[in-house]
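Report on the following structure.
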Amino acid sequence: MAKTYNEADLVLAVQAIQNNPKLSKRRAAKTYKVPESTLRARLSGRLSRRNTQPNSQIMTSLEEEVIVKHILDLDARAFPPRIADVEAMANSL
């Protein structure tokens, strides 16, 4: 089944429940046209996929940033890094 709601609708539904404790999760899901299971998961603290780090990502954002800065520094000095060098840098972190 395709996703037919957007993140803004889900955020509005969460805020509506937080602002009005008498509002049921089912009613909020229906009102804002979001899946009830997704709304329940978000209310229990689960993050959206966009805000989670993928399991396949090995390095943190900070580690990636350090490598990119080092590569740009080498390039600015007219020493373009080789793929093997970049791989060695990544593996050393």
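Here are the numbers for the structure shown:
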| quantity | calculated |
| --- | --- |
| Near pairs, Cβ below 6 angstrom, 6+ apart or cross-chain, from the range 62-87 (among the aliphatic types (A, V, I, L, M)) to any residue that is surrounded by 14 or more Cβ atoms within 10 Å (Cβ to Cβ) | 67/89; 71/81; 74/81 |
| Subset of the range 2-31 (residues that are polar (S, T, N, Q), under 12 Å from residue 43 (Cβ atoms) and touching a Lys or Arg at 6+ places or on another chain (Cβ under 8 Å)) | none |
| Scan of the range 1-49 for residues that are acidic (Asp, Glu) and surrounded by 15 or more Cβ atoms within 10 Å (Cβ to Cβ), ordered by number | 9, 36 |
| Subset of the range 50-81 that is modelled with pLDDT of 90 or more and of a type in the set (Gly, Ala, Ser) - its residue that is surrounded by the most Cβ atoms within 10 Å (Cβ to Cβ) | 76 |
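The values are calculated or read from the model by the stated rules, or taken from the named source; none is laboratory data. The structure presented is a predicted model; accordingly, all values stated were derived computationally and were not measured. Neighbour counts are summed over all protein chains in view; Cβ atoms, including those assigned to glycine, are modelled from backbone coordinates with ideal geometry.
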